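Here, each number is a calculation from the coordinates, and none is a lab measurement. For clarity, every value in this text was computed on a predicted model and none was experimentally measured. A quick note on method: Cβ atoms are made from the backbone with ideal geometry, for glycine too, and the neighbour counts reach across all protein chains shown.
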Amino acid sequence: MGTWDNGPFDNDTAADFADDLDDAAVEERENLIRKVLIRTIDNQDYLEAPDAEEAVAAAALAAAQCPGGEPVGPHYGPEEPVPSLPADVRRLAFEALARVLADGSELSELWGETADGRRWRGSIRRLCQVLDPTPRMREDALFEI
């Protein structure tokens, strides 16, 4: 893994995704984010780490626009502004993160092999809490993984 920390943009793949967003026309940025999330949700096979890393980055951009969401800094994230994302992207982001944490996810397996695996899962769960389309859910029921 070309990873230097557990944040959504703290790896080479996510940093490249941020660059792709910066290079895209403003009106194409939402579509790029949406495509990454849908590709992750629709993946019924083994989810490769690079696809999962992009999904986590895309979900962090959606979460940043939600109440309680943390802003994504331009240091590794996109330097150009992300347009206001429609509400359905929030649901897609939540579902994509669930897939990233599920069985058959290389990224989840790789983090599970590290000393920082619990911290990484905690950061993903915090994103899920911000994105949760049904905030009535209890935190411990979110992901039993």
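Look at the Cα gyration tensor of segment 1-100: its axes a ≥ b ≥ c give a/c under 1.5, and that counts as rounded. Backbone amide hydrogens, once placed in the peptide plane, bring residue 105 within less than 5 Å of 47, excluding anything fewer than 5 places away on its chain. Here the dipole of segment 12-142 is about 900 debye; that uses its Cα centre as origin and unit charges on the Cβ of Lys and Arg (positive) and Asp and Glu (negative).
Entry note, the chain: the mean residue ellipticity at 222 nm calculated from DSSP H runs of n ≥ 4, each adding -39500 (n - 2.57), is -18500 deg cm²/dmol after division by the residues and rounding to the nearest 500. From the alpha carbon centroid of segment 55-108 to that of segment 1-20 is 13 Å.
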